[in-house]
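Chemist: Mind looking over this structure? Questions follow.
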Amino acid sequence: MHRLIGSIALATGLGLAGAAWSAPTQDILRGYENEARQANAGFKPNAARGEAFFRSEHASIKGDGNKLSCAGCHTSDPRQSGMTRAHKRIEPLAPAANPARFSDAAKVEKWFGRNCQDVLERACTAAEKADLIQWLSTVR
Amino acid sequence: MTDKTNTLLGKRRLLQIFTLTIAVGISGALFADDDDRERNLPSADNAKWRSECASCHVLYHPALLPERSWRKMMSGLERHFGDNAKLDPTTQKEITEFLAANAADRSSSRRAQKIAKSIPATQTPLRVSETVYFTHKHNEIRAEIWQRKAVGSKANCAACHSEADKGNFDEHMVRIPK
């Protein structure tokens, strides 16, 4: 409960300041950014690349002609709630709409781990993760 | 004693009898209804099962499938009905043991036992909707109802059974969305 009140207070404070960045989100983003720099020293997270990544469609491995994308389940608007294939609500991805997002590094890794395999059939790179978080954090 | 006190005592007596009758009635309703015990699957809870399994789908009660089904399912989470649902080994083990300990064939509830008995020993179903118990209980549900937007699929128990996660499949509580 205290955490919830804390999150609300934090979100309100940040809302007034005009940014949806929380300290844990910044830490998580910085972690991926540093990791990406090891492969590419000049790497900088890019919101436009993150958005394109989120919307890009990939042919399903099942060969059923279905196109898979992040937006497929999360909807094309990350401020909205989405739905899993099993009809369960997915809370919004954008921290502006859901302050709990990107606040727990282990949870973020768990879901990148699962969903990147489902959509891309491979792990996402640190650069892709950084770009995506950069974009989602700027969505109002 | 005056007539007035007598009347007062009489009223008090009546009130006592009235209260007692209500109390007996309520406890009778609470303790005598064996049917409720059959309608509900036994209560079972585990925090990791609740948080991990319910992030993508309805929280399926462990007594809906036999132990062998849960063990098979939990050993193949990297391809879980087509999706990756991989867990860290500690969480995976904890949830597997919770599901196994409360599975249909290890439960004393009448409904759980009926579910277990409806599955031939040679079969290890992974979908609750493929058990004979399920198909028999839902034989009057038309194809059109399963396809309604608010239902979506046979996996979405909570669309009609609002307390599915608690193991409550009481037919009287079923509300089919339009």
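The values are calculated or read from the model by the stated rules, or taken from the named source; none is laboratory data. Given the structure is predicted, the values throughout are model-derived calculations rather than measurements. Positions of Cβ are backbone-derived with ideal geometry, glycine not excepted, and every protein chain shown enters the neighbour counts.
Chemist: Run down B:92, B:123 and say which single residue is part of a helix (DSSP H, G or I), assigned by TED's automatic domain parsing to the domain that holds residue B:159 and free of Cβ contacts under 8 Å to residues at least 60 places away in the same chain. Steps first, please.
Modeler: Details: B:123 fails: part of a helix (DSSP H, G or I).
Exactly one residue qualifies, and that residue is B:92.
Chemist: How many residues does the range A:60-91 contain that are at pLDDT 95 or above, in a strand (DSSP E or B) and within 10 Å of chain B (Cβ to nearest Cβ)?
Modeler: 1
Chemist: Report yes if residue B:78 is assigned by TED's automatic domain parsing to the domain that holds residue B:99, touching a Lys or Arg at 6+ places or on another chain (Cβ under 6 Å), in a helix (DSSP H, G or I) and not hydrophobic (A, V, I, L, M, F, W, C), otherwise no. Give the derivation first.
Modeler: Values: assigned by TED's automatic domain parsing to the domain that holds residue B:99: yes; touching a Lys or Arg at 6+ places or on another chain (Cβ under 6 Å): yes; in a helix (DSSP H, G or I): yes; not hydrophobic (A, V, I, L, M, F, W, C): yes.
When the stated conditions are applied, residue B:78 passes them.
Chemist: Can I ask one more? Any idea which of B:48, B:86 is among the charged types (D, E, K, R), at the interface with another protein chain (Cβ under 9 Å from one of its Cβ atoms) and either surrounded by 14 or more Cβ atoms within 10 Å (Cβ to Cβ) or part of a loop (DSSP other than H, G, I, E, B) (or both)?
Modeler: Numbers: B:48 fails: at the interface with another protein chain (Cβ under 9 Å from one of its Cβ atoms).
Every option except B:86 fails the conditions.
Chemist: Here's a check for you: in the range B:61-82, which residue that is more than 19 Å from residue A:82 (Cβ to Cβ) and facing chain A (nearest Cβ under 10 Å) is modelled with the highest pLDDT?
Modeler: Of all residues in the range B:61-82, those more than 19 Å from residue A:82 (Cβ to Cβ) come to B:61-79.
Next, from what is left, pick out any that are facing chain A (nearest Cβ under 10 Å): B:77-79.
Details: B:77: 97, B:78: 94, B:79: 93.
Restricting to residues being more than 19 Å from residue A:82 (Cβ to Cβ) and facing chain A (nearest Cβ under 10 Å), the top hit is B:77.
Chemist: Something else now. Please work out if residue A:49 is farther than 23 Å from residue B:153 by Cβ, away from chain B (no Cβ under 14 Å) and free of Cβ contacts under 8 Å to residues at least 40 places away in the same chain.
Modeler: On the way: farther than 23 Å from residue B:153 by Cβ: yes; away from chain B (no Cβ under 14 Å): yes; free of Cβ contacts under 8 Å to residues at least 40 places away in the same chain: no.
So residue A:49 does not fit the description; no.
Chemist: Just a yes or no: is a residue in the range A:102-109 more than 13 Å from the chain's Cα centre (by Cα) and within 11 Å of chain B (Cβ to nearest Cβ)? Write out each step before concluding.
Modeler: Here is the first cut: in the range A:102-109, the residues more than 13 Å from the chain's Cα centre (by Cα) are A:106.
Filter once more, so that each one left must be within 11 Å of chain B (Cβ to nearest Cβ): A:106.
Yes.
Chemist: Shifting gears a bit: For the structure I just gave you, tell me whether residue A:44 is assigned to a loop (DSSP other than H, G, I, E, B) and either under 14 Å from the mean Cα position of the chain (by Cα) or within 13 Å of another protein chain (Cβ to nearest Cβ) (or both).
Modeler: On the way: assigned to a loop (DSSP other than H, G, I, E, B): yes; either under 14 Å from the mean Cα position of the chain (by Cα) or within 13 Å of another protein chain (Cβ to nearest Cβ) (or both): no.
Here the answer is no, as residue A:44 does not meet what is asked.
Chemist: Moving on. For residue A:139, state whether it is in contact (Cβ under 8 Å) with a residue 12 or more places away in the chain, surrounded by 14 or more Cβ atoms within 10 Å (Cβ to Cβ) and farther than 30 Å from residue B:154 by Cα.
Modeler: On the way: in contact (Cβ under 8 Å) with a residue 12 or more places away in the chain: yes; surrounded by 14 or more Cβ atoms within 10 Å (Cβ to Cβ): yes; farther than 30 Å from residue B:154 by Cα: yes.
Spelling it out, residue A:139 is indeed in contact (Cβ under 8 Å) with a residue 12 or more places away in the chain, surrounded by 14 or more Cβ atoms within 10 Å (Cβ to Cβ) and farther than 30 Å from residue B:154 by Cα.
Chemist: Considering only residues that are under 18 Å from residue B:62 (Cβ atoms) and hydroxyl-bearing (Ser, Thr, Tyr), look in the range B:130-178 and name the one that is farthest from the other protein chains (Cβ to nearest Cβ).
Modeler: The qualifying residue farthest from the other protein chains (Cβ to nearest Cβ) is B:133.
Chemist: Moving to a separate point now. Among the listed residues A:40, A:115, identify the single one that is touching a residue at least 24 places away in the same chain (Cβ under 8 Å) and surrounded by 15 or more Cβ atoms within 10 Å (Cβ to Cβ). Explain how you work it out, then say what you get.
Modeler: Details: A:40 fails: surrounded by 15 or more Cβ atoms within 10 Å (Cβ to Cβ).
Only one candidate qualifies: A:115.
Residue-by-condition table, conditions (1) among the charged types (D, E, K, R); (2) at pLDDT below 95; (3) touching a helix residue (DSSP H, G or I) at 6+ places or on another chain (Cβ under 8 Å); (4) not in a loop (DSSP other than H, G, I, E, B):
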residue: A:28; (1), (2), (3), (4): no, no, yes, yes
residue: A:31; (1), (2), (3), (4): no, no, yes, yes
residue: A:93; (1), (2), (3), (4): no, no, yes, no
residue: A:108; (1), (2), (3), (4): no, no, yes, yes
residue: A:128; (1), (2), (3), (4): yes, no, yes, yes
residue: A:132; (1), (2), (3), (4): no, no, yes, yes
residue: A:136; (1), (2), (3), (4): no, no, yes, yes
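Chemist: Hey, another quick one. Which condition number in (1) without any contact (Cβ under 8 Å) to a residue 12 or more places away in the chain; (2) within 14 Å of chain A (Cβ to nearest Cβ) is the one that residue B:97 fails?
Modeler: The number of the failed condition is (2).
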